[in-house]
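Contents: one structure, followed by commentary.
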Amino acid sequence: MSFLTPLFLAGLAAISIPILIHLIQRERKRVVQFPSLMFLQRIPYHSVRRRRIRHWLLLAMRVTAIALIVFAFARPFFQQGALAAAAAGGGAREVVILLDRSASMGYGDHWDRARDAARRVVGGLSADDRATLVLFGRNAEENMRATSDRARLLAAISAASVGSDATRFGPALKLAESILSRSTLQRREAVLISDFQKIGWGSAEDARLSEGMTLTTESVASPDATNLSVPSVTFARSAFASQERIAVTAGVTNRADQPARDVPVTLAIDGREIETKRLTIAPRSSASVTFAPFTAEANARGTVRAGVDPLPADNAFNFVVAPSAPISVAIVENGDRTGASFFLTRALAIGTTPAFAVDVVSVGRATPAVLDKRAVLILNDTQFPSVAGGAALKGFVERGGGVLVVAGERSSWPTDAADLLPGKLGAPVDRLSGRSATLGYLDYSHPIFEIFKAPRSGDFSSAHIFGYRAIEADPMSRVLARYDDGAVAMAERRAGAGRVIVWTSTLDDSWTDFATKPVFLPLVHQLVRYLARYEPTTAWMTVGQVVDLASTAAQIRGDRFVVTPAGQRTTQRVGSSGLVELDEQGFYEVRPAGATTGRPQTLAVNIDPSEADLTPLDPSELVAAVTGRATQAAEAAVAPTPLSPADAERRQALWWYLLLAGLALLAAETVISNRLSQKEKFL
C-alpha cells in the first residue's frame, strides 16, 4: 500500500490520547448519609489513581476510529491494483460512435436496435472515457462532441431519428479518423453501428484509420430481408380533344427470394386516388404497370405507391407533372424565295422534348407584335423588319429573348441595335471556285456543341460551305465556330438576360449542303433551346441534390419562402443565394413571400433508389479494408500506460471508505460509552 499524502500519518500520534484518558481516569466517590458517626471507627482515606484499563472495547474502538480517519486523510492506494488497471484497460478511451441514420435504417426494427447498441456503448464507458456521437448517411456530422457526460450522450441518441439519405461509409470513417487523431488519449476506438448495406462501400474508398486506432462493428441487418420498391416512373403524352393527356408507367422491383403476388399499385394525383392495379412480380426481378391517361394541371403532385413492407420509404415514388409548353419561335424571311425556311421549319416540327411552335412571317408583313410572347426570333437571310425597330429588338433581348441571325446575302442589321450583333457584317465570300469551305473549329465547351463532344457524336466536317458573310467579331463576343480558313462561322453576344447568335452562312441549300447532313437537325434544336434558355422540367429529384431556386423559380421576382415536407418554412430574400439542399423525402413548396393562394411551385424529392438494395456487407471485410487487419481490437491492443499515483488513488478512492468506517466507529463508541456510564452511575 502507498499513500498520496503520507505526512498526514503523523496524526497517528493522536492514538495515545484515548489510552491516556483510560489510564488517568479517577475513581468516582460515593457519598452515604448517616444520622450519627459516633458508632463508626475512624479510618484514614487514601486517594489512589487507577492503574489498569477496565473498558478495552471502548479503547479499541476509539483507537481504530482515529487510525482510520488519519489513513483516510493520507489518501492510500494499492500500487498493484493500479498496475493491474493499467494493464487491463490501457487507460482512458476516446470513443467515436458512428450511428447510421440512412433511409434503409427505417427497415423494421433496425433503428431501434441501432440506438440500443449505441446506448450499450455509452453504458460501457468509464468515468475517464470520452465519446463523440456521429450521425451519418450520405454525409457525416458530429451530433455530440467528445464528452464524458453519459446523460447528454444518451439524450442525443434518443433524440436522433432516421433520415432520407443514402448510405455512405467513407465520410463517416474519415470523420472518425479526424476526431481520433486529435485525441491525446492512447486508446482510440471507433464503433460503427449500421445495417452495412453493400452499396455503401466501394472499392475506390480511401477511408483509413491510422495505426493504434481500432474499429468495432455492430450489425443490425436482418437476414433474408424482403423489400418492394418503386424506383422510377415514365410519362407518355398524347393529345385528346385539344388537351394533353399523360399516361404514367411505374416500375416495381421485388428484392425478395419469393414472388410478390397481387401487389396493389396505386396512382394518386394531388392527393386523390386515380387508379389502383394489381401486379405479380417474380423473385429478384422487376415489373411495370401503366395507368390510364389523365389531364393534369400545372405543378400537379403525383405519387405511385406499391404494397406494404418493413421499409415504407421506398414503396412510394413522388413526381410533379404538368402539361408541356412548346417553345414559341418566329421565323422572319425575305419572302422573295419559295421554301427559304423549309429546312428550318421541318427540323423544328420534329422536336418533341420540347416541342416548337413555329410561325413564319415575311419581312414585309412583320410588325412589332412578332416579338410578343416569343422565346426565339430567327432572322433567316432577310433584311431587318423596319417596323420592329432596333429599340424593340433590344428590349426583347434584354428581357431574356433569343435571336438567331442567319446571315445570307440579303441580311442587314439596324444601326440602332448594332451593339447587339456579335460583330460587324461584311461582304459575302464566294467559295464556289476551288475547294469549298468546311467547319474547322468548334467550341465543344459551349452548351450548343457539348452534345457533339464525344467521338462519333456528329460529323461537321462533311458539310460543304460555298458562300458565307464575313464578320469581324468584337471583343465582347464569343466565337463558337470557324471555317477551315479561320473565318468566323458562328459567334454569340449576350445582352441583359438574352442572347444573340449569328450564323454566317445560310440554313437552306443556296450556299451550303449543311441542311442535308445528319448533324443539322440536332444542331438546330440545340440552337433554339439555348437561345430560349430552355431547361427541361424536372419531374423529381433525389435526396441530397442541391437546387438553385434563382433559376428554378426565376418567375418569382421578389422574396420567396420554401416549405419543406416536414413543414419547416424558410425565407429567401431578393439577391440572396437561392441554393436549397433537398434532405427530406416528399414535396417542397416554393411561393412568393406573402402569397397564400394559388398553386405553388412544387419540387418532388425521392430517396436514392440504391437504398432499396438491402444486401449486407460482411463487417469484417470493412474492418480489414479500413484498418488493414481482419480482426478487431484484440490484435491492436495498446501497451498499457502505468497510472500516476494521483490517477491510481482517484480510481480506487479508498479514503472515502476509510472515512466512513472511522465515523461509524465513533458513532458506535458514543452509544456504548453512554450505556456504560448509565450502569456505573447506580453501582
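What follows is calculated from the coordinates using simple rules that are stated; it is not laboratory data. Owing to the predicted nature of the structure, the values given are computational and were not obtained by experimental measurement. Backbone-built Cβ (ideal geometry, glycine too); neighbour counts: all protein chains shown.
Quote the FRET efficiency, to the nearest 0.05, computed for SER161 versus THR597 with a Förster distance R0 of 25 Å and r equal to the Cβ-Cβ distance.
The computed FRET efficiency comes out at 0.15.
Would you check the chain for Lys pairs whose C-alpha atoms are within less than 20 Å, ignoring same-chain pairs closer than 8 in sequence, and give me the count?
6
With charges set only on the Cβ (+1 for Lys and Arg, -1 for Asp and Glu), what does the dipole of the chain come to about its Cα centre, in debye to the nearest 20?
5080 debye
Figure the gain on full extension for GLN33 and ALA322 (residue separation times 0.36 nm, minus the Cα-Cα span) and round it to one decimal in nm.
Details: separation 289, 0.36 × 289 = 104.04 nm, distance 12.28 nm.
Once the chain is fully extended between GLN33 and ALA322, it gains 91.8 nm.
What FRET efficiency comes out for the pair THR276/GLU141, r = Cβ-Cβ distance, R0 = 35 Å, nearest 0.05?
It comes out at approximately 0.30.
Sticking with the crude label model, points 7 Å out along Cα→Cβ, report the distance from ALA391 to TYR441 in nm, one decimal please.
Placing both labels 7 Å beyond Cα along the Cβ direction yields 3.9 nm.
How high is the relative contact order of the chain, in percent, with contacts defined as C-alpha pairs under 8 Å that are six or more residues apart? It would help to have the intermediate numbers written out before the result.
Details: 1368 pairs, mean separation 99.2, N = 683.
This gives 15 percent for the chain.
Tell me the label only: which of [x] 41; [y] 63; [z] 35 is percent of Cα pairs over 38 Å apart as calculated from this structure?
Comparing each candidate, only [y] matches the computed number.
In whole Hz, with x marking every Gly and Pro, tabulate ³J(HN,Hα) for the range 458-470 from phi via Karplus 6.51 cos²θ - 1.76 cosθ + 1.60, θ = phi - 60°.
x, 9, 7, 6, 7, 6, 9, 10, 9, x, 7, 8, 6
Go ahead and estimate [θ] at 222 nm for the chain from helices alone: -39,500 (n - 2.57) per DSSP H run with n ≥ 4, summed, over the residue count, rounded to 500. Provide the component values of the computation, followed by the final result.
Details: 13 runs with 153 residues, N = 683.
Calculated mean residue ellipticity at 222 nm is -7000 deg cm²/dmol.
Using r as the Cβ-Cβ distance of LYS424 and GLN545, and R0 as 56 Å, what FRET efficiency do you calculate, to the nearest 0.05?
Taking R0 as 56 Å, the efficiency between LYS424 and GLN545 is 0.80.
Considering amide H positions built from the backbone, and no H for Pro or chain starts, which residues 5 or more places from VAL360, or on another chain, come under 5 Å of its amide H?
ILE331
Sticking with the crude label model, points 7 Å out along Cα→Cβ, report the distance from GLU409 to ASP112 in nm, one decimal please.
Distance between label points: 8.5 nm.
Mind ordering 320-332, 563-575 by average Cβ neighbours within 10 Å, highest first?
Put in order of decreasing packing, that is 320-332, 563-575.
In nm, what is the difference between 0.36 nm times the number of residues separating ALA497 and THR537 and their Cα-Cα distance? Kindly include the intermediate steps, with their values, before the conclusion.
Working: separation 40, 0.36 × 40 = 14.40 nm, distance 2.01 nm.
12.4 nm is the gain from fully extending ALA497 to THR537.
So how far apart, in nm, are the two label points at GLN568 and SER210 if each is 7 Å from Cα heading toward Cβ?
In this crude label model, GLN568 to SER210 measures out at 3.4 nm.
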